[in-house]
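Chemist: Next up is a structure, given as structure tokens.
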Amino acid sequence: MKIADFNFAGKKAIVRVDFNVPLDENGNVTDDTRIRGALPTLKKVLADGGALIMMSHMGKPKGKVNEKLSLSQIVPNVSAALGVEVKFAKDCGNASEEAAALKPGEALLLENLRFYPEEEGKPVGVEKGTPEFDAAKKEMKGRQQEFAKKLASYADCYVMDAFGTAHRKHASTAVIDEYFDKDHKMLGYLMEKEVHAVDAVLGNIKRPFTAIMGGSKVSTKIGIIENLLTKVDNLILCGGMTYTFAKAQGGHIGLSICEDDKLDVALDVIKKAKENGVNLVLGTDSVCGDAFKNDCNTQICPSGAIPEGWEGMDAGPETRKLFANAIKSAKTILWNGPAGVFEFDNFAGGSKAIAEAIAEATKEGAFSLIGGGDSVACINKFGLADQVSYISTGGGALLEAIEGKVLPGVAAIEA
């Protein structure tokens with residue numbers, strides 16, 4: 001079933017959205033990209049004359065109630081974005097009354113799904129690898145099924161529109177679908193767009209293809225890096241992982257972040273890039289600081305010759321030129337992860353250089369896909385969101401899709 005073909009008139013729709021938005025210390029939303037991303041789907045339900053039930057997680061409360069992660073904090077934002085006063089159910093697992101009372105054109109937001117361990121389906125307080133864990137896991141599977149059944153009971157149809165969690169087999173993403181027939185479950189508009197964007201990158205690669213992988217750790221990106229080495233023409237590796245590569249090649253990196261147990265992995269990536277004829281672009285110089293804060297002392301150093309007591313915090317001027325050159329000629333671009341500690345304005349230059357080069361290439365006809373929380377925050381910080389082809393709302397899900405993995409949240413609808 002396609003959402004465009006479905007008429008929600010007189011029906012209650014439960015929509016899995018991704019409202020895991022960043023909050024400041026006072027509980028105010030600092031970036032509402034994910035709320036805005038869900039609006040086409042949510043407004044379609046209401047415009048058709050349906051009643052809307054929204055469910056989401058926020059943060060990692062690990063199956064326990066945590067007021068700092070309560071979705072009640074974002075009700076004003078969702079109400080303002082939807083143009084409807086959103087009601088709130090304080091307990092997502094016991095919201096039958098609130099759901100039943102909902103009239104056409106009305107909207108209800110359920111409390112954080114992850115306040116229940118059944119959402120993620122992981123046993124709580126039992127050590128992995130023990131016989132107790134296996135028994136608890138089996139028992140939890142049954143409870144997860146019941147939890148999903150309860151959520152499903154609130155509505156007549158189910159819409160999966162949370163790409164950011166599509167790679168997780170959770171109750172609300174890949175179990176609840178079992179309680180709806182194929183004509184009453186569907187992907188939302190955002191999910192459809194995300195799936196098409198991934199297809200545009202992988203199914204229709206226009207060359208040269210440049211991928212930019214940032215972030216602090218090689219270990220969290222190794223699967224995607226190895227997969228990209230069989231697909232891209234240029235691979236830019238930046239951010240904290242730069243220093244694992246620098247050290248692996250015999251460099252001195254001072255206090256820079258480094259995964260000492262991944263030096264052989266870094267060398268293997270360099271070797272595989274050569275074997276596949278991929279132009280691997282690693283930083284040659286860094287903006288270094290003598291403390292991890294915005295207003296520390298700084299100096300430019302070669303990335304493999306950082307003095308003791310100093311750490312690499314951003315890509316240096318020469319590196320930025322190298323990055324820009326590999327980006328500007330590209331026809332397909334994928335960016336995940338910043339080039340430095342972009343949250344500190346004094347160390348945002350490398351990420352800004354990448355963002356500007358991507359915007360320039362897009363203007364010249366490249367397809368650019370930006371994914372992952374930090375990259376999206378970068379693009380928004382530099383005011384370039386409207387100058388790239390597509391901004392993905394899901395980091396992990398996007399990377400797994402590009403890695404070629406089946407996303408449970410998509411498979412559940414398309415099965």
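The values are calculated or read from the model by the stated rules, or taken from the named source; none is laboratory data. What you see is a predicted model; the values in this text were computed from it and never measured. Cβ sites come from the backbone with ideal geometry, for glycine too, and all protein chains shown count toward neighbours. Only protein heavy atoms, including side chains, enter the accessible area calculation; ligands, DNA and RNA are left aside. Shrake-Rupley method; radii C 1.70, N 1.55, O 1.52, S 1.80 Å.
Chemist: With everything on Cα atoms, drop me the angle between helix 131-153 and the longest principal axis of the chain, reported from 0 to 90° to the nearest 10.
Modeler: Around 60 degrees separate the two axes.
Chemist: Could you state the angle between the C-alpha long axis of helix 349-363 and the longest principal axis of the C-alpha atoms of the chain, as a value from 0 to 90 degrees rounded to the nearest 10?
Modeler: For helix 349-363, the angle is close to 70 degrees.
Chemist: Round to the nearest 0.05 the FRET efficiency obtained for residue 79 and residue 182 when R0 = 25 Å and r is the Cβ-Cβ distance. Don't skip to the answer; put the middle values down first.
Modeler: Numbers: r = 33 Å, r/R0 = 1.31.
About 0.15, to the nearest 0.05.
Chemist: Each label point is 7 Å from the Cα along the Cα-to-Cβ direction; what then is the distance between the points at residue 47 and residue 318, in nm?
Modeler: The two pseudo-label positions are separated by 5.4 nm.
Chemist: Would you please give the FRET efficiency between residue 411 and residue 343, computed as 1/(1 + (r/R0)^6) with r the Cβ-Cβ distance and R0 = 56 Å, to the nearest 0.05?
Modeler: Details: r = 35 Å, r/R0 = 0.63.
For R0 = 56 Å, the calculated efficiency reads 0.95.
Chemist: Now for a different question. At 1.4 Å probe size, put 263, 334 in order of accessible surface, largest to smallest. Please list the in-between numbers first.
Modeler: Numbers: 263 45, 334 0 Å².
The residues order as 263, 334, largest area first.
Chemist: At 7 Å along Cα-to-Cβ for each site, give me the label-to-label distance between residue 385 and residue 204 in nm.
Modeler: According to this spin-label approximation, the distance is 2.5 nm.
Chemist: Using the Karplus curve 6.51 cos²θ - 1.76 cosθ + 1.60 with θ = phi - 60°, work out ³J(HN,Hα) for each residue of the range 117-126 in order, rounded to whole Hz, and write x for Gly and Pro.
Modeler: x, 5, 4, 7, x, 9, x, 9, x, 10
Chemist: Still on this structure: For the chain, what does the helix formula give at 222 nm: sum of -39500 (n - 2.57) over DSSP H segments with n ≥ 4, over the residue count, nearest 500 deg cm²/dmol? It would help to have the intermediate numbers written out before the result.
Modeler: Working: 15 runs with 152 residues, N = 415.
It comes out at -11000 deg cm²/dmol, rounded to the nearest 500.
Chemist: Quick check on my link table: of 43/231; 11/149; 328/381; 68/405, which ones sit more than 29 Å apart, alpha carbon to alpha carbon?
Modeler: Table pairs above 29 Å Cα-Cα are 43/231; 68/405.
Chemist: Report, in degrees rounded to the nearest 10, the 0 to 90 angle that the Cα long axis of helix 263-275 makes with the longest principal axis of the chain.
Modeler: Its long axis makes an angle of about 80 degrees.
Chemist: Separate question: Solvent-accessible area of residue 54, probe 1.4 Å, all protein chains present, reported in Å² to the nearest ten, please.
Modeler: For residue 54, the solvent-accessible surface is approximately 0 Å².
Chemist: A further question on this structure: Under unit Cβ charges (Lys, Arg +1; Asp, Glu -1), what dipole magnitude, rounded to 20 debye, does the chain have relative to its Cα centre?
Modeler: On the way: 48 positive and 56 negative charges, 156 e Å.
For the chain, the charge dipole is close to 740 debye.
Chemist: Which peptide among 231-244, 194-207 comes first, and what is the full order, when sorted by highest mean count of other Cβ atoms within 10 Å? Don't skip to the end; give the middle numbers.
Modeler: On the way: 231-244: 25.0, 194-207: 16.1.
In decreasing order of mean packing, 231-244, 194-207 become 231-244, 194-207.
Chemist: Continuing with the same structure: Which of 40, 338, 131 ends up with the largest GNM mean-square fluctuation for the chain, with Cα atoms connected below 10 Å?
Modeler: Of 40, 338, 131, the Gaussian network model singles out 131 as fluctuating most.
Chemist: While we're on this one: Testing the spin-label approximation: label points 7 Å from Cα along Cα→Cβ at residue 299 and residue 260. State their distance in nm.
Modeler: With each label placed 7 Å out from Cα toward Cβ, I get 2.5 nm.
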